[in-house]
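The values are calculated or read from the model by the stated rules, or taken from the named source; none is laboratory data. The structure displayed is predicted, hence computed values, not measured ones. Here the Cβ positions follow ideal geometry from the backbone for every residue, glycine too, while neighbour counts run over all protein chains shown. Quick note on the areas: whole protein, heavy atoms, side chains included, nothing else; ligands and nucleic acids left out. Shrake-Rupley method; radii C 1.70, N 1.55, O 1.52, S 1.80 Å.
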Amino acid sequence: MTNPSFSCGRLLAAMRQANPLVQCITNDVAMNIAANVLLAAGASPAMVSAEEEAGEFARIAGAVTINIGTLWSGGVAGMLAAANAANGAGKPWVLDPVAHYATGFRRRVVGELMALEPTILRGNASEIMAMAGEATRGQGVDSGDSAMAAQNAALTLARRYGCIVAVTGDVDFVTDGSRSATIEGGSPLMPKVTALGCALTCLVGAFAASTPDQPFEATIAALALFAVSGQDADGHARGPGSFQPLFLDALSALGSDRFDAEARITMR
Amino acid sequence: MTNPSFSCGRLLAAMRQANPLVQCITNDVAMNIAANVLLAAGASPAMVSAEEEAGEFARIAGAVTINIGTLWSGGVAGMLAAANAANGAGKPWVLDPVAHYATGFRRRVVGELMALEPTILRGNASEIMAMAGEATRGQGVDSGDSAMAAQNAALTLARRYGCIVAVTGDVDFVTDGSRSATIEGGSPLMPKVTALGCALTCLVGAFAASTPDQPFEATIAALALFAVSGQDADGHARGPGSFQPLFLDALSALGSDRFDAEARITMR
Amino acid sequence: MTNPSFSCGRLLAAMRQANPLVQCITNDVAMNIAANVLLAAGASPAMVSAEEEAGEFARIAGAVTINIGTLWSGGVAGMLAAANAANGAGKPWVLDPVAHYATGFRRRVVGELMALEPTILRGNASEIMAMAGEATRGQGVDSGDSAMAAQNAALTLARRYGCIVAVTGDVDFVTDGSRSATIEGGSPLMPKVTALGCALTCLVGAFAASTPDQPFEATIAALALFAVSGQDADGHARGPGSFQPLFLDALSALGSDRFDAEARITMR
């Protein structure tokens with residue numbers, strides 16, 4: 001167990017400098033908070049998902065993120081077009097398979113998206129475990145399992161699909177199939193604010209866009225930025241309502257030096 | 001006029017203990033705040049509405065809520081599938097007929113949904129009066145009438161459809177056709193925050209899910225939780241913007257004993 | 001360069017007195033914040049966009065606003081129906097051509113909407129310049145140009161389409177093709193909060209609804225209300241997260257006299 005050999009603060013500075021255009025195909029609950037998270041962190045979100053333009057837009061975006069939270073049949077073609085275009089243009093894309101185990105419709109669409117080989121897969125423990133074929137205690141969109149319980153599932157998926165897998169929870173776990181890291185921090189209020197995980201998926205896209213050759217490091221930096229900002233907001237929040245504006249303020253205020261000093265990342 | 005014979009605090013504790021999965025088919029304005037209200041109060045929201053999965057999901061959810069605020073033709077099949085599945089599985093479901101009187105499209109869809117006999121109908125005074133065939137002063141989605149003016153309409157509808165009817169406003173009125181109750185509290189800022197009524201419909205679903213045999217009491221408890229939390233937030237808010245985070249904090253912080261002490265419910 | 005010959009405070013008082021019903025066809029990111037902006041300012045928002053009812057509703061609304069931010073093919077018919085119905089009923093309507101230059105789909109739909117001759121066109125500098133055929137530095141939905149750089153484009157469009165053109169940015173520019181005005185104020189945090197421009201489009205609709213004979217003055221008043229409220233919120237905000245509730249509070253608290261005293265409008 002060691003400290004990371006790269007600087008999250010430098011990745012944050014590079015992301016802010018690039019101000020990457022991130023095409024977020026996300027759910028209707030997450031749209032507003034995801035865009036605000038990206039703006040606060042220093043990226044440029046664009047919620048472009050229609051079949052008629054999702055592929056065309058993916059070619060000008062720095063990264064694409066796809067989230068099936070409020071899946072509907074008319075949205076699938078745009079997701080597939082964006083993923084295919086990202087693959088064709090060599091752009092990273094991130095998949096968030098929200099509650100994919102809950103219905104046949106979700107399982108089918110997530111299967112089609114996984115077949116396109118996302119650069120990064122981000123989910124909660126129940127989602128990652130279910131995707132690897134393990135039993136889970138997930139209920140609806142909420143995980144009933146801890147991220148650390150999903151380590152083996154994450155490794156299995158990373159190797160099977162050749163992607164980065166990020167499992168988020170009390171402690172986060174990230175792996176590329178050989179290297180792994182855990183990230184500590186955050187706040188117990190975060191699961192009480194809707195769609196923060198979905199917003200984090202978009203933020204992973206922002207870091208992947210500005211550091212496309214290092215998706216493992218980019219993913220760790222995004223998760224660590226959430227963890228440190230969540231910790232900062234936690235100290236002042238009086239509940240889940242006041243947490244949200246404080247969290248956005250913290251994302252915006254965090255500088256690179258303090259980020260490096262506060263990030264609690266362990267390489268495994 | 002008497003105090004209620006049941007404890008709202010006990011219903012709140014039971015709801016938090018159950019952490020019920022509530023399937024919210026709600027409008028695009030309300031999605032985020034409704035999910036945050038449920039999380040703050042202690043329930044587990046899932047915004048699942050597509051035709052392909054709404055019925056399947058309703059069988060695993062504890063309750064379903066349906067709101068026509070941003071109605072579109074592609075959304076109707078999912079609403080009907082979820083209501084039918086809830087009926088088939090003996091799960092309570094709640095209908096929020098937003099501005100149903102405003103257009104022919106809304107009147108038609110609300111007619112189809114009412115024919116499926118919701119467990120609970122929640123609306124503002126103009127919506128409830130219009131549904132009972134009375135003249136109203138509603139404009140768009142905002143009520144032009146007081147909840148107390150809708151008492152007769154609520155009684156008529158409760159008896160006609162065999163459902164609980166909740167009319168919310170300055171003072172709320174709830175009836176099952178024989179028993180009735182009024183709930184006081186809240187804040188004049190609440191109508192200045194969009195979609196709080198829609199979020200309340202989802203919260204009624206949370207209480208109905210954890211107390212399915214007592215939908216009348218569950219509805220009263222949900223409305224009283226909103227009223228006490230609204231009052232708590234009102235004391236600190238400087239306007240409609242600061243009210244919203246304070247309200248979520250108040251929903252989360254309210255304990256059962258204080259809830260019982262502060263709820264102003266009168267049985268009639 | 002002179003002060004305006006009309007009182008913004010009087011237009012604000014008239015808007016609040018009328019509490020106009022504004023039909024907002026806006027994007028999924030903006031829905032919640034746009035409705036909250038209108039409620040805080042004193043108008044009555046209704047997010048009604050479906051093909052089946054958009055035209056019918058436009059006839060009872062005071063104004064219509066149309067925004068293509070999260071454009072999809074199924075939404076176009078409702079936009080066209082609402083614009084046509086507004087034209088037929090002599091109601092003002094406002095177009096917000098979000099990132100229309102980014103894809104062929106957007107260019108085509110914006111072309112169809114412009115052919116229906118909106119009363120008011122509101123965009124950022126890159127959007128207005130691109131519509132007039134000028135080169136821009138827009139990236140995704142964010143402007144890469146200053147509003148003042150778009151003055152000629154705005155004049156061209158105002159004359160070509162016989163409409164009011166509003167370009168918003170650090171300094172706003174409004175023209176009807178002969179008269180022009182600039183509005184100063186606001187906060188550097190405003191571009192860091194998603195969809196505030198989209199919400200402003202809806203607020204322009206509110207002022208146009210209550211002052212339909214003076215769309216030039218109505219547009220200036222809406223922009224000035226945003227500028228003064230943004231300035232008020234800026235003094236207390238610690239970042240983009242805390243800015244949003246403070247901004248809504250400021251919109252709600254601003255009185256007509258202080259509005260007139262603080263508005264920084266220059267007629268050109």
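Check whether at least one residue in the stretch A:33-48 is over 17 Å from the mean Cα position of the chain (by Cα), surrounded by 24 or more Cβ atoms within 10 Å (Cβ to Cβ) and farther than 23 Å from A:PHE216 by Cβ, and report yes or no. Yes, the stretch A:33-48 has at least one match. Within the stretch A:141-156, the only residue that satisfies the criterion of being touching a residue at least 40 places away in the same chain (Cβ under 8 Å) and assigned to a loop (DSSP other than H, G, I, E, B) is A:VAL141. The residue that is most open to solvent (accessible area, probe 1.4 Å), counting only those in the stretch C:55-76 that are assigned to a helix (DSSP H, G or I) and facing chain B (nearest Cβ under 9 Å), is C:GLU56.
Looking for something closer than 22 Å to B:TYR161 by Cβ, of a type outside the set (Gly, Ala, Ser) and more than 8 Å from every other protein chain (Cβ to nearest Cβ) - is there at least one such residue anywhere in the stretch B:32-54? So far as the stretch B:32-54 goes, no, none of its residues is closer than 22 Å to B:TYR161 by Cβ, of a type outside the set (Gly, Ala, Ser) and more than 8 Å from every other protein chain (Cβ to nearest Cβ). In the stretch C:254-268, the residues that are farther than 14 Å from C:LEU11 by Cα and assigned to a helix (DSSP H, G or I) form Cβ pairs under 7 Å with partners that are open to solvent by less than 30 Å² (accessible area, probe 1.4 Å) and modelled with pLDDT of 95 or more, at six or more places apart or across chains, as follows: C:GLU262/C:VAL228. Of the listed requirements (1) closer than 30 Å to C:SER180 by Cβ; (2) touching a residue at least 24 places away in the same chain (Cβ under 8 Å); (3) in a helix (DSSP H, G or I); (4) open to solvent by 10 Å² or more (accessible area, probe 1.4 Å), C:ALA102 misses just one: (3).
Residues in the stretch A:77-99 that are assigned to a loop (DSSP other than H, G, I, E, B) and closer than 16 Å to A:GLU53 by Cβ: A:LYS91 alone.
So, of the residues in the stretch B:163-182 that are touching a residue at least 40 places away in the same chain (Cβ under 8 Å) and part of a loop (DSSP other than H, G, I, E, B), which turns out to be farthest from B:PHE6 (Cα to Cα)? Filtering the stretch B:163-182 for residues that are touching a residue at least 40 places away in the same chain (Cβ under 8 Å) and part of a loop (DSSP other than H, G, I, E, B), the one farthest from B:PHE6 (Cα to Cα) comes out as B:GLY169. When every residue of the stretch B:196-210 is checked against the conditions, none turns out to be assigned to a loop (DSSP other than H, G, I, E, B) and closer than 26 Å to B:VAL22 by Cα.
You will find that of A:LEU121, A:LEU157, the residue that is aliphatic (A, V, I, L, M) and in contact with a Cys (Cβ under 6 Å, 6 or more places away or on another chain) is A:LEU121 and no other.
Residues in the stretch C:77-93 that are within 11 Å of another protein chain (Cβ to nearest Cβ) and surrounded by fewer than 21 Cβ atoms within 10 Å (Cβ to Cβ): C:ALA77 alone.
With under 27 Å from A:ALA35 (Cβ atoms) and either more than 17 Å from the chain's Cα centre (by Cα) or among the small types (Gly, Ala, Ser) (or both) as the only criterion, which of C:GLY104, C:GLY90 stands out?
C:GLY104
Of everything in the stretch A:224-268 that is under 30 Å from B:LEU254 (Cβ atoms) and away from chain C (no Cβ under 13 Å), the residue that is most open to solvent (accessible area, probe 1.4 Å) is A:ARG238. Here the stretch A:16-31 is the region considered, the condition is being in contact with a Gly (Cβ under 8 Å, 6 or more places away or on another chain) and facing chain C (nearest Cβ under 7 Å), and the residue that is nearest to A:ALA222 (Cα to Cα) is A:LEU21.
A single member of B:GLY197, B:GLY123, B:GLY205, B:GLY138 is open to solvent by less than 10 Å² (accessible area, probe 1.4 Å) and either free of Cβ contacts under 8 Å to residues at least 12 places away in the same chain or within 14 Å of another protein chain (Cβ to nearest Cβ) (or both), and it is B:GLY205.
Scanning the stretch B:141-153 for residues that are within 14 Å of chain C (Cβ to nearest Cβ) and more than 18 Å from the chain's Cα centre (by Cα) turns up just one, B:GLY144.
In the set (1) of a type in the set (Gly, Ala, Ser); (2) surrounded by 18 or more Cβ atoms within 10 Å (Cβ to Cβ); (3) within 28 Å of B:PRO191 (Cβ to Cβ), C:ALA18 fails one condition alone, (2).
Count of the stretch B:141-185 residues, restricted to those that are open to solvent by 30 Å² or more (accessible area, probe 1.4 Å), in contact with a Lys or Arg (Cβ under 9 Å, 6 or more places away or on another chain) and aliphatic (A, V, I, L, M), is 0. Name the residue that is surrounded by the most Cβ atoms within 10 Å (Cβ to Cβ), counting only residues in the stretch C:208-223 that are of a type in the set (S, T, N, Q) and over 16 Å from C:VAL167 (Cβ atoms). Taking the candidates together, the pick is C:SER210.
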